[in-house]
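Chemist: I am attaching a structure below and will ask some questions about it afterwards.
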Amino acid sequence: MKATIEAEDLTKKFDDFVAVDHISFAVQDGEIFGFLGPNGAGKSTTIKMLITILNPTSGQARICGYDVLRQRDDVRRHIGIVFQDPSIDRFLTGKENLNFHGMIYHMDKKTRESRISEVLKLLDLQDKENTPVKDCSGGIQRRFEVARGFMTHPRVLFLDEPTIGLDIQARRALWEYIKNLNKDNDITIILTTHYIEEADYLCDRIGIIDHGKVIATDSPQRLKESVGIDLILMEIANGGNGDFIASLKRLEWVKNIEQHRNLLELSVEEGDRRVPELLGLASRHGVSVTSIDSHKPSLEDAFLHYTGKTIRENEEEQKR
Ligand SMILES: Nc1ncnc2c1ncn2[C@@H]1O[C@H](COP(=O)(O)OP(=O)(O)OP(=O)(O)O)[C@@H](O)[C@H]1O
Ligand SMILES: [Mg+2]
């Protein structure tokens, strides 16, 4: 069967700046697929092209078989959207917002009423339905936005940073609703996030995106495994010296070395028992080790491995 979302060489330029750079990927029916990347990576721009509100500069994409450029209306009939920036009317109640949305989509009164009670139930919002949105917590407001995106029985739900700005409890609660929507309603979900734990917990597969390019795509588990069995992160003063790095490369139990400025990333077997040996070797080469740590690779490590920076360093760089 064809993929529910297919993108091929999707590219968006703003003047000379390439925000999305030849992205190709596919999302299968029923998957939760997430783009994980720092601020400015091109996540929202990619989503906007898929939901037909931004024209690609080049490349193509199809949603449920419909072309995002040539069959916009068909695409729109099959999708629900939660934008990164809140777009719910704060002065209306949650229920009024849902009703208004149903009207825009030409749902008759009876259909609207029954669908509103369904989506309110799915997101556990019945006791907040008559509260003006501005008086609801951030987590509840976001849930109303998901409920709204779900009003029209979409086959694909787009969630651009669904839990941005929420505290950890509200974020976790929303994760459960998203998982349940996916599991119980036969719906494909594509989301973006810059929260590592969110991608790890929610997504069947993740595309790591940085500077407009998808660098790696796989399940969270396989992304972690691709970094190594054990990982030793060794922070060294002044980036070490060539002799030290060369001697590390000669160790047969070191499977791979990546250097990210002062941080050495070593893929090894039996990481715990290698630490003393590494410290000894550094000392013999006059290299001072400021920290060393052995652990099973996390998604954070995979992100560092593929992009050369932690997600936090990436975000700091964007701010400058
Ligand atoms: N309309 C536009 N005109 C010019 N540049 C834009 C426009 N929209 C986005 N960009 C730039 O394209 C890049 C990608 O932006 P985008 O919003 O897709 O990133 P993002 O990954 O969603 O980031 P965030 O995590 O902050 O939401 C950024 O450098 C942004 O400044
Ligand atoms: Mg964004």
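The values are calculated or read from the model by the stated rules, or taken from the named source; none is laboratory data. Since this is a predicted model, take the numbers as computed values, not measurements. Counting neighbours? That spans all protein chains shown, and the Cβs are built from the backbone with ideal geometry, glycine included. The protein model used for the area step is the full one, side chains on, heavy atoms only, and it has no ligands, DNA or RNA in it. Shrake-Rupley method; radii C 1.70, N 1.55, O 1.52, S 1.80 Å.
Chemist: Could you tell me which of the residues Asn185, Asn180 is within 21 Å of Tyr105 (Cα to Cα), away from ligand 1 (no atom under 16 Å from the Cβ) and modelled with pLDDT under 95?
Modeler: Within the list Asn185, Asn180, the selection yields Asn185.
Chemist: Follow-up. Name the residues in region 261-285 that are open to solvent by 20 Å² or more (accessible area, probe 1.4 Å) and either assigned to a loop (DSSP other than H, G, I, E, B) or within 20 Å of Ser298 (Cα to Cα) (or both), would you?
Modeler: Arg261, Asn262, Leu263, Glu269, Glu270, Asp272, Arg273, Arg274, Val275, His285
Chemist: Can you confirm whether Arg77 is farther than 29 Å from His194 by Cβ, surrounded by fewer than 21 Cβ atoms within 10 Å (Cβ to Cβ) and in the same structural domain as Ile63 (by TED's automatic domain parsing)?
Modeler: So Arg77 fits the description; yes.
Chemist: Can you tell me which residue in region 221-260 is least open to solvent (accessible area, probe 1.4 Å), limited to those that are closer than 30 Å to Glu198 by Cβ and basic (Lys, Arg)?
Modeler: Result: Lys224.
Chemist: I'd like the residue in region 46-72 that is in contact (Cβ under 8 Å) with a residue 40 or more places away in the chain and of a type in the set (Ser, Thr, Tyr) and, out of all such residues, is nearest to ligand 1 (Cβ to nearest atom).
Modeler: Thr46
Chemist: I've got another one for you. Search region 186-207 for residues that are outside the structural domain of Phe150 (by TED's automatic domain parsing) and hydroxyl-bearing (Ser, Thr, Tyr) and pair each with any residue that is open to solvent by less than 40 Å² (accessible area, probe 1.4 Å) and modelled with pLDDT under 95 when their beta-carbon atoms are under 9 Å apart and the residues are at least 6 apart or on different chains.
Modeler: If the second residue must be open to solvent by less than 40 Å² (accessible area, probe 1.4 Å) and modelled with pLDDT under 95, no pairs are left.
Chemist: Anything in region 40-66 that is part of a loop (DSSP other than H, G, I, E, B), within 14 Å of ligand 2 (Cβ to nearest atom) and closer than 22 Å to Asp186 by Cβ? List them, or say none.
Modeler: Ile51
Chemist: In region 29-39, is there at least one residue being open to solvent by 60 Å² or more (accessible area, probe 1.4 Å) and more than 16 Å from ligand 2 (Cβ to nearest atom)?
Modeler: yes
Chemist: Follow-up. Contact list please: Cβ distance under 6 Å, first residue in region 75-93 and part of a helix (DSSP H, G or I), second residue within 16 Å of ligand 2 (Cβ to nearest atom), pairs at least six apart or on different chains.
Modeler: none
Chemist: If I filter region 94-112 down to residues being touching a residue at least 12 places away in the same chain (Cβ under 8 Å) and not in a loop (DSSP other than H, G, I, E, B), which single residue comes out as surrounded by the most Cβ atoms within 10 Å (Cβ to Cβ)?
Modeler: For region 94-112, the residue satisfying everything is Gly94.
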